[in-house]
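Throughout, read-outs are computed from the coordinates displayed, never taken from laboratory work. What you see is a predicted model; the values in this text were computed from it and never measured. Glycine also receives a Cβ, built like all others from the backbone with ideal geometry; neighbour counts cover every protein chain displayed.
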Amino acid sequence: MFNPLIKKYADVLVNYSTKVKENDLVIIYARGYAAQPLVKEIYKACLINGANPIVRTSMDELAETFIKYANDKQLEYVDEMSKIEVEKADVMIFIGAPNNVKNMANADTEKLAKRSKAVHPILAKRLERSAKNEMRWVIADYPTNALAQEASMSLEEYSEFLIKSCYLDLDNPVEKWEEIDKEQKRLAEILNKTSKIRFLGEKTDVTFSTKGRIWVPCSGNMNFPDGEIFTSPVEDSAEGEIYFDFPQNYHGSSAKEVYIKLKNGKVIEAEAQSGNEFLQSMLNTDEGSRFVGEIAIGTNERIQDVTGNILFDEKIGGSIHVAFGASYPEAGGKNKSGLHWDMIKNMKNGGKIFADDKLIYENGKFII
């Protein structure tokens, strides 16, 4: 990415996604040193706005080392500084720039589950404060060879893909995201008047109650790129079966051709053609990990193929995803878990969505 685009990227994240203002405490988290050019521009933009930015950096290798050598007591330990930051920050900006997306592929799954459970209160606090409009946050990526390789692209191809997915190729990307926001809100308003959702497709027929829950339109405020409408269904309502044809990636590992059967909201049967042991381990993370925390519809038409990066893949235009584990307070969700695994399904091959028994979506497109 060349400098004018990096500046534009930073400007959108600071002035549109998180709306950084004077005196805000802004924590900028950078995963990987490759993100330095973007982090520098974000830092500068925050200073220009009169905010107080602080930068935190991490290395992929440290997470691998921690899971390998930490004992149970260390896995359960959460440092006080992380707790303070999530309680005090006005804005959090997370930039991913990994140099290896597979460094956790062979990690001990039981230790991963214990660690996820331990740090879940940090995520829960961020979501809680966000739901109360006490904090703004956004997650974004900077192109690296690791991300490009995972997507089977060259670095140049991946950079162009990221730029287009974020509409950074336009003279005024904010104007485009505001246009998307209007359409997302229109769809969410319609869905908020319904109380039952049914997904129908290949080896799939599953229903969820959304009564009393809120559909949230997403247009670049917490994820960038964005493009989804989501809610957290009533916890004990999921009934039926669903087949996920796309590869399901989580913590650097993958489960493929995943079949899930649900009853009274809970996963009662799960099988993957490959990665089945990993699938079972993650679904057994804790008491809440077998319940559905989120259902969503991807709407970003500039994202069409799986890249192995959930930030992009869950936004695929013509897809849905179902997350197992933690739900979202802003959507009315109550399920708690250290897991939140988004599993994605292609709906462009005859998939249908019904809302209160009315067909609203077919072959990857809304028809309302």
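Calculate I(q)/I(0) for the chain by the Debye formula, one identical point scatterer on each C-alpha and no solvent, and give its log10 at q = 0.07 Å⁻¹ to two decimals. Debye output, listed in q order: -0.28. For a modelled paramagnetic label at residue 74, 7 Å from Cα along Cα-to-Cβ, the residues of region 101-117 in reach, with backbone nitrogen under 20 Å, are 103-117. Between 34, 52, 92, the Cα set farthest toward the positive side of the dipole of region 21-124 (charges on each charged residue's Cβ, about the Cα centre) is that of 34. Scanning residues 5 or more positions from residue 55 or on other chains, those with amide H under 5 Å from its amide H are 28, with H placed 1.01 Å from N in the peptide plane.
Given the DSSP H assignment, sum -39500 (n - 2.57) over each helix run of at least 4 residues in the chain and divide by its residue total; what's the result at 222 nm in deg cm²/dmol, nearest 500? Spell out each step's value before the answer.
Working: 11 runs with 117 residues, N = 368.
After summing the helix terms and dividing by the residues of the chain, the value is -9500 deg cm²/dmol.
Binning the alpha carbon pair distances of region 303-368 at 10 angstrom intervals from zero yields the distribution 20, 39, 36, 5, expressed in whole percent.
Distances between placed amide hydrogens fall under 5 Å for residue 340 paired with 326, all partners being 5 or more residues away or on another chain. Sum up the charges of everything whose Cβ sits under 12 Å from the Cβ of residue 268, counting Lys and Arg as +1 and Asp and Glu as -1, but leave residue 268 out. Charge balance near residue 268 sits at 0. Phi angles of region 336-350 translate, via the Karplus equation with coefficients 6.51, -1.76, 1.60 and θ = phi - 60°, into HN-Hα couplings of 10, 6, x, 9, 8, 10, 7, 10, 10, 10, 6, 10, 7, 10, x Hz per residue; Gly and Pro are given as x. Put a plus charge on the Cβ of each Lys and Arg, a minus charge on the Cβ of each Asp and Glu, and nothing anywhere else: the dipole of region 3-169 about its Cα centre is then about 400 debye.
Using θ = phi - 60° in the Karplus curve 6.51 cos²θ - 1.76 cosθ + 1.60, the 3J(HN,Hα) couplings for region 227-244 round to x, 7, 10, 9, 8, 10, x, 4, 4, 9, 9, 5, 9, x, 9, 8, 10, 9 Hz; x is entered for Gly and Pro. Cα centroids of region 1-61 and region 326-354: 29 Å apart.
Taking a temperature of 20 °C and a viscosity of 1.002 mPa s, what whole-number D in µm²/s does Stokes-Einstein yield for region 178-366 with Rh from Kirkwood over alpha carbon pairs?
Details: Rh = 16.1 Å.
Answer from the Stokes-Einstein relation: 133 µm²/s.
The distance linking region 158-183 with region 229-256 is 27 Å (Cα centroid to Cα centroid, whole angstrom).
Candidates 221, 197, 255 compared by Cα position along the dipole of region 178-366: farthest toward the positive end lies 197, with charges placed on Cβ. A simple count of charges around residue 256, restricted to other residues whose Cβ falls under 12 Å of its Cβ and scoring Lys, Arg +1 and Asp, Glu -1, yields -3.
Based on the Cα atoms of region 3-169, what semi-axes does the equivalent ellipsoid have, where each is the square root of 5 times one gyration tensor eigenvalue, given in whole Å with the largest first? Working shown, then result.
On the way: eigenvalues 144, 110, 31 Å².
Listed largest to smallest, the semi-axes of region 3-169 are 27, 23, 12 Å.
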